[in-house]
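All remarks here apply to the structure that follows.
The values are calculated or read from the model by the stated rules, or taken from the named source; none is laboratory data. Being a predicted model, the structure only gives us computed values, none of them experimental. For neighbour counting, all protein chains shown are included, and Cβ atoms are generated from backbone atoms with ideal geometry for every residue, glycine included.
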Amino acid sequence: MKSAFVCWTPYQLMNTLNFVAHDVNESKKNADIFLIGYDSVAGYINGIKDCGLFSNVTLINPYCYENSLIGHVKKTVDIIFPKSSIKNKIYNFDMHYLMTYNYIYASGWDKFFVNLSNINPKAQIILLEDGMASYLGDFREREMSALYKLVNRLSKKGPLSIDVNQIYLYDLKLAVKNDMYPVSKLPSIDEKSLELIKRVFEFSPNDIYKQHKVIYLDQSLDDFWAETLISEKQIFEILSKYKDKVLVRKHPTQNRRSIDLQTDEAACLWEILCGEYISDDSVLISVFSTAQFTPYILYKKRPKLILLYKLLFKDNTKLYGEIFQFVEKYKAAAASIVYEPKTLQEFDDILHSIKT
């Protein structure tokens, strides 16, 4: 069986390595991996080649379009003519070779993955977990413009034309909506696959996590702050009162301004750090981050969680409702301590009460 994996984030790459290392669907025997060339994954290409799991390792420039008439035309052409679009991205593959995959794996709706799926109509299309979005149901339409949806439906090309055969999740009990397509268990990360992941990601110990049990997990929320009930500045003002015990884990995409808190700048893969340093005594703070639930999902650890989404979002919004449903499922499954402050004073009081 011939497989293709498409990745564009470190988390997706980690899950792909774990999946292939366990030889699910005989993927270890004949698999290619396509890395969408963002900085967050491009730097690991040598480690991926050296691990020996993949027949071909290919770096691809991301699809980028100007917000102009020409940009919209180019995007439409790439949707309607997927074969030509792929030819413009890859020069070292025979086109017939690229049209004979039995399985195509990805974690979302990147345009290369969509085009590769469209030119392989007989392939099984399988999604691998990509954090909380994968547990909340089918998210392919969330960031699609009305024009993009119209082109999809008229051309019968693009994300809406793809039938997903299966999705793999680490914890099936946490799925809020699992009736979109069949759900299967993603193999747990065992000692052997963890060592492989450490090699590829060039892991080195980071003792700063031994010194801090309270960790603020930064998020990329630039699209939300204009509509939230409080500002990001107000959150950091409270965190700064406890700077002796709080560590900020910076989000990879955030160009964080200077803050009066100790910050982890090393950017080691969080999923590895969870296995090495996070325990039931840890306290993870964020608005609502995949990273807060990773210790339980991957390793069944139960750190205390402080979720700030009730501070930010109105309770009648769709996002609030989706988060609430997932958190309720998590609390039932993990039976861990979860704080959900509704006011800044409650948040302050919780931090004050935590002993580390």
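If you go through the stretch 280-301 and keep only what is part of a loop (DSSP other than H, G, I, E, B) and either buried (at least 22 other Cβ atoms within 10 Å of the Cβ) or of a type outside the set (Ser, Thr, Tyr) (or both), you end up with Asp280, Asp281, Val287, Phe288, Ser289, Lys300, Lys301.
All conditions but one from (1) surrounded by fewer than 19 Cβ atoms within 10 Å (Cβ to Cβ); (2) modelled with pLDDT of 90 or more apply to Tyr320; the one that does not is (2). When Ile238, Ile189, Ile215 are checked against the criterion of being out of contact with any strand residue (DSSP E or B) (no Cβ under 9 Å at 6 or more places or on another chain), at negative phi, outside any loop (DSSP other than H, G, I, E, B) and modelled with pLDDT of 85 or more, a single residue qualifies: Ile238. The number of residues in the stretch 333-356 that are of a type outside the set (Ser, Thr, Tyr), farther than 15 Å from Ile238 by Cβ and either in a loop (DSSP other than H, G, I, E, B) or without any contact (Cβ under 8 Å) to a residue 40 or more places away in the chain (or both) comes to 6.
Would the stretch 246-254 turn up any residue that is crowded, with 16+ Cβ neighbours inside 10 Å and either of a type in the set (Ser, Thr, Tyr) or under 22 Å from Leu174 (Cα atoms) (or both)?
no
For the stretch 138-158, a residue qualifies if it is part of a loop (DSSP other than H, G, I, E, B), touching a helix residue (DSSP H, G or I) at 6+ places or on another chain (Cβ under 8 Å) and either surrounded by fewer than 19 Cβ atoms within 10 Å (Cβ to Cβ) or not small (Gly, Ala, Ser) (or both), and the qualifying residues are Phe139, Arg140, Glu141, Met144, Lys157.
Residue count for the stretch 22-46 satisfying the condition of being over 16 Å from Phe201 (Cα atoms) and of a type in the set (Ser, Thr, Tyr): 1. Taking every residue in the stretch 158-176 that is in contact (Cβ under 8 Å) with a residue 24 or more places away in the chain and pairing it with any residue that is of a type in the set (Gly, Ala, Ser) and surrounded by 17 or more Cβ atoms within 10 Å (Cβ to Cβ), at least 6 positions away or on another chain, the pairs with Cβ-Cβ distances below 7 Å are Ile162/Ser117; Ile167/Ser134; Leu169/Ser134; Leu169/Ala175.
For every residue, the table says whether it meets (1) on the phi > 0 side of the Ramachandran plot; (2) in a loop (DSSP other than H, G, I, E, B); (3) in contact with a Ser or Thr (Cβ under 7 Å, 6 or more places away or on another chain).
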{"site": "Leu59", "(1), (2), (3)": "no, no, no"}
{"site": "Cys64", "(1), (2), (3)": "no, yes, no"}
{"site": "Gly71", "(1), (2), (3)": "no, no, no"}
{"site": "Lys75", "(1), (2), (3)": "no, no, no"}
{"site": "Tyr97", "(1), (2), (3)": "no, no, no"}
{"site": "Tyr101", "(1), (2), (3)": "no, yes, yes"}
{"site": "Ile104", "(1), (2), (3)": "no, no, yes"}
{"site": "Phe113", "(1), (2), (3)": "no, no, no"}
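When the stretch 196-212 is filtered for residues that are at pLDDT below 95 and in a helix (DSSP H, G or I), the ones remaining, listed by number, are Ile208, Tyr209, Lys210, Gln211.
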